[in-house]
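Read the structure below first, then the notes.
Read-outs: derived from the displayed coordinates by stated rules, not from any lab. Worth saying up front: this structure is predicted, and the values here are computed from it rather than measured. So basically every Cβ, Gly included, is an ideal-geometry build from the backbone, and we count neighbours across all protein chains shown.
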Amino acid sequence: MRLTLWTDYSLRVLMHCAACQATGRRATIAELARLHGISRHHLTKVVMALVHGGWLQGQRGRGGGLRLARAADDIRLGDVVRWAERDFQLVACMAPGAAQAPQACLLMPGCRLRNALQVALQAYLGVLDSYTLADLAASGLSPAGTHQLPIRVLQKPAG
């Protein structure tokens with residue numbers, strides 16, 4: 001499964017805002033666009049959706065900027081991915097009503113692929129649910145303003 005650019009940008013924005021908040025400052029769209037090489041126009045759309053979705057708070061004017069709408073350790077990655085992604089149908093037969101469609105798969109009655117992929121998708125989202133934004137932004141920003149996230153293999157917490 002590949003995440004859309006929308007989800008990728010949403011996660012980057014939230015991670016950056018978490019890191020900024022840890023240092024007591026607010027992020028800006030201009031700063032995010034520059035650091036990540038993303039179009040400011042496109043990033044504005046992502047940020048506005050994150051504000052409307054309740055993930056971010058934005059403040060205009062001098063001293064304004066972006067900050068998380070709630071604590072970074074209360075934001076689960078799985079929730080963000082579920083919010084940002086529009087299509088979790090890994091194959092056509094996972095679509096609602098696929099069995100009744102005129103071009104329904106001939107293997108559908110006895111095929112176990114759909115169930116296996118559904119289990120895999122739930123496991124994937126379950127792993128993402130075990131991580132918070134705070135887990136990813138734990139090291140904050142360097143003085144130069146670039147991300148200094150630890151490069152390590154994240155392991156699912158026990159339990």
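Each Lys or Arg adds one and each Asp or Glu subtracts one; over the other residues with Cβ under 11 Å from the Cβ of Gly63, this totals +4. Neighbours of Leu43, meaning other residues whose beta-carbon lies under 12 angstrom from its beta-carbon, give a summed charge of +2 when Lys and Arg score +1 and Asp and Glu score -1. Derived scalar couplings between HN and Hα for region 35-44 equal 5, 9, x, 10, 3, 4, 4, 5, 5, 4 Hz in order, rounded to whole Hz, by the Karplus curve 6.51 cos²θ - 1.76 cosθ + 1.60 (θ = phi - 60°), x for Gly and Pro. With contacts taken as Cα pairs under 8 Å at a separation of at least 6 residues, region 1-98 carries a relative contact order of 32 percent. Here the extension length gained between Arg62 and Tyr131 equals 21.5 nm, from 0.36 nm per residue of separation less the Cα-Cα distance.
Modelled this way, with points 7 Å down the Cα-to-C-beta line, the labels at Arg82 and Ala116 are 2.6 nm from one another.
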